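Quick notes on the structure that follows.
The values are calculated or read from the model by the stated rules, or taken from the named source; none is laboratory data. From a predicted model like this one, the values you see are computed outputs, not experimental measurements. Cβ atoms come from the backbone with ideal geometry, glycine included; neighbour counts cover every protein chain shown.
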Amino acid sequence: MTRPPLFFLATLLLATGCDKTADVGAAKATVRDSAGITIVDNPAPPAAIQLTVDSTPVFSIGGGTGGPDYDLNEIRGSVRLSDGRIVVADNLAGELRFFDSAGTFLSRGGRKGKGPGEFEQVMGVWALPGDTLAVYDIATRRISLFNSGGTFVRQVDLSAAGFVAPMGMLDDGTIVGGGFSFNPDSMPAIGSRHRNTLPVLLIAAEGNKTDTMTTVEGMEMYTVQANFGGRSFPSPLQVQFGMNTTLGGRGDRVYVGDNAKPEIKVYSRDGTLRRIIRYPYAPVVVTEALKKAQEESNLARWADNPFRGMPKEMMDQVEGWIRNATYAERLPPYETFFLDREGNVWVQEFAPGQPQQFQVYSPEGEFIVRTALPRDLRPMDIGKDYVLGTWKDSDGLEHVRLYRTPVLAPEEAAR
């Protein structure tokens, strides 16, 4: 799910230790111990794509065909259950929709509202062991749990933890998220760049205990002056192609990736840094052509924005911010990462305007393969042999698509 993307650890412990070499196909990763931390230094991934996913999906749900059961709007998450069924979180309808392994509609779960088992503003869905479904509602700041049939079980109130953005779950239901706050009085000077300091939170499945695992740096932003209704106030905007950090959870491990560096850090749930996955990276300069393409893309997305009732004064102001955005001087080493069901780490390369390209690393941090996904597919669930994600057609209609994508084992990548 996602995403989306968010944090940094400032301290890096380096020490000498025992080295060994791990075979990863045509390349070799150097694995060494550094004061109890496993450092995995991968060589630069090959320039050529070694595995390309079939451009034809197994099925495509949505697009306004098949009747109201297949009409999807504001998809905020999609997961595949162990029996092959597909669950889609539709925010506009405020419900979960269940489809069989061929994409045929089966049933619904949840509904719009504020009561138990109801949603106001869905932001994500996760499949936990046993196919329990966890749905995050940002408006009510709670997680609603459903069984695999779509029946509401219970809810977890996150309001006591402050404003939290859940970005992953461990197998025992512990929520991995980032804590957020916004204070206009503490905003940096207009035009200045900054990265806010944010906590990485572990919230117990019952919602009654919150631990700060570590503190990290978040999105690279700059401050603009907003004017609305006769008032003027500072507001943060994201630096285009700027630094950011992704957070994830799988099994009993928490993953933190600050894309200021080509590395991802892996922690145990007690906050102990266990592993650092690294690879070399040659910086890429942000050209005027990249800026122009990004501006056009942002303007197109804004034209299709969900805030259609916003006053013209504010609409014009946002468009002005897009046209006069602040850009990074160089592209970060990667855009974000995803964790698949097998524990592999899919690192998405920062390649604006290009097909989505990923470097796939094993749970131990060793390079497996470089692969490409269909253009404009937004991954939401990656399994052993599939990628499930959302896609928009030329009319802007949303689809959920499933693609078969075998992940090569290291020994197969060498063939």
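Kindly provide the set of residues from the stretch 69-88 that are closer than 16 Å to Lys392 by Cα and of a type in the set (A, V, I, L, M), ordered by number. Walk me through it before giving the result.
Here is the first cut: in the stretch 69-88, the residues closer than 16 Å to Lys392 by Cα are 70-78, 88.
Result: Leu72, Ile75, Val88.
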Given (1) surrounded by fewer than 20 Cβ atoms within 10 Å (Cβ to Cβ); (2) modelled with pLDDT of 90 or more, Asn208 misses just (2)
Those residues of the stretch 203-215 that are in a strand (DSSP E or B) and among the acidic types (Asp, Glu) come to a total of 1
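Conditions tested, residue by residue: (1) touching a Gly at 6+ places or on another chain (Cβ under 9 Å); (2) touching a residue at least 60 places away in the same chain (Cβ under 8 Å); (3) among the aliphatic types (A, V, I, L, M).
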site: Ala134; (1), (2), (3): yes, no, yes
site: Thr140; (1), (2), (3): no, no, no
site: Ile143; (1), (2), (3): yes, yes, yes
site: Phe152; (1), (2), (3): yes, no, no
site: Ala160; (1), (2), (3): yes, no, yes
site: Met167; (1), (2), (3): yes, yes, yes
site: Gly173; (1), (2), (3): no, no, no
site: Pro188; (1), (2), (3): no, no, no
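Only one residue in Glu366, Glu288 is out of contact with any strand residue (DSSP E or B) (no Cβ under 9 Å at 6 or more places or on another chain) and either at pLDDT 90 or above or buried (at least 19 other Cβ atoms within 10 Å of the Cβ) (or both), so which one is that? Break it down into steps so the answer makes sense when it comes.
Working: Glu366 fails: out of contact with any strand residue (DSSP E or B) (no Cβ under 9 Å at 6 or more places or on another chain).
Exactly one residue qualifies, and that residue is Glu288.
For the stretch 98-121, enumerate the residues that are out of contact with any Gly (no Cβ under 8 Å at 6 or more places or on another chain), surrounded by 13 or more Cβ atoms within 10 Å (Cβ to Cβ) and touching a residue at least 12 places away in the same chain (Cβ under 8 Å).
Initial filter on the stretch 98-121 (out of contact with any Gly (no Cβ under 8 Å at 6 or more places or on another chain)): 99, 102-104, 106, 114-116, 121.
Subsequent filtering for residues that are surrounded by 13 or more Cβ atoms within 10 Å (Cβ to Cβ) retains 99, 103-104, 106, 121.
Scanning the stretch 98-121 gives Phe99, Gly103, Leu106, Gln121.
Examine the stretch 66-88 for a residue that is of a type in the set (A, V, I, L, M), without any contact (Cβ under 8 Å) to a residue 24 or more places away in the chain and either surrounded by 14 or more Cβ atoms within 10 Å (Cβ to Cβ) or in contact with a Gly (Cβ under 7 Å, 6 or more places away or on another chain) (or both), and state whether such a residue exists. Before you say what the answer is, go through the steps one by one.
Of all residues in the stretch 66-88, those of a type in the set (A, V, I, L, M) come to 72, 75, 79, 81, 86-88.
Keeping just the survivors that are without any contact (Cβ under 8 Å) to a residue 24 or more places away in the chain gives none.
No, the stretch 66-88 contains no residue that is of a type in the set (A, V, I, L, M), without any contact (Cβ under 8 Å) to a residue 24 or more places away in the chain and either surrounded by 14 or more Cβ atoms within 10 Å (Cβ to Cβ) or in contact with a Gly (Cβ under 7 Å, 6 or more places away or on another chain) (or both).
Applying the selection to the stretch 165-181, what residues are among the β-branched types (Val, Ile, Thr) and either over 15 Å from Thr215 (Cβ atoms) or surrounded by fewer than 17 Cβ atoms within 10 Å (Cβ to Cβ) (or both)?
At the first step, the residues of the stretch 165-181 found to be among the β-branched types (Val, Ile, Thr) are 174-176.
Of everything in the stretch 165-181, those that are among the β-branched types (Val, Ile, Thr) and either over 15 Å from Thr215 (Cβ atoms) or surrounded by fewer than 17 Cβ atoms within 10 Å (Cβ to Cβ) (or both) turn out to be Thr174, Ile175.
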In the stretch 348-371, is there at least one residue being over 26 Å from Arg32 (Cβ atoms), out of contact with any Asp or Glu (no Cβ under 9 Å at 6 or more places or on another chain) and part of a strand (DSSP E or B)?
-> yes
Would it be correct to say that Thr197 is at pLDDT 90 or above and among the hydroxyl-bearing types (Ser, Thr, Tyr)?
-> no
Might you let me know whether the stretch 1-13 holds any residue that is farther than 30 Å from Met219 by Cα and modelled with pLDDT under 95?
-> no
A careful count of residues in the stretch 182-194 that are modelled with pLDDT of 85 or more and surrounded by 17 or more Cβ atoms within 10 Å (Cβ to Cβ) gives 1
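Residue by residue through the stretch 150-181, note down the ones that are hydroxyl-bearing (Ser, Thr, Tyr) and within 21 Å of Gly94 (Cβ to Cβ). Spell out how you get there, then give the answer.
So the first thing to find is which residues in the stretch 150-181 are hydroxyl-bearing (Ser, Thr, Tyr), and the list is 151, 159, 174, 181.
If the condition is that a residue be hydroxyl-bearing (Ser, Thr, Tyr) and within 21 Å of Gly94 (Cβ to Cβ), then Thr151, Ser159 are the ones that fit.
Look through Thr174, Thr151 and report the one residue that is of a type in the set (Ser, Thr, Tyr), more than 22 Å from the chain's Cα centre (by Cα) and over 26 Å from Pro236 (Cα atoms). Walk me through how you get there before you give the answer.
Working: Thr174 fails: more than 22 Å from the chain's Cα centre (by Cα).
On inspection, the qualifying residue turns out to be Thr151.
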Being under 18 Å from the mean Cα position of the chain (by Cα) and surrounded by 20 or more Cβ atoms within 10 Å (Cβ to Cβ), is that true of even one residue in the stretch 220-233?
-> yes
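State all residues of the stretch 144-162 that are at pLDDT 90 or above and either surrounded by 13 or more Cβ atoms within 10 Å (Cβ to Cβ) or not hydroxyl-bearing (Ser, Thr, Tyr) (or both); if no residue qualifies, say none.
Looking only at the stretch 144-162, we keep the residues that are at pLDDT 90 or above, and these are 144-155.
Matches in the stretch 144-162: Ser144, Leu145, Phe146, Asn147, Ser148, Gly149, Gly150, Phe152, Val153, Arg154, Gln155.
Tell me which residues, restricted to the stretch 85-97, are among the small types (Gly, Ala, Ser) and closer than 20 Å to Leu377 by Cα.
Of all residues in the stretch 85-97, those among the small types (Gly, Ala, Ser) come to 89, 93-94.
Across the stretch 85-97, the qualifying residue is only Ala89.
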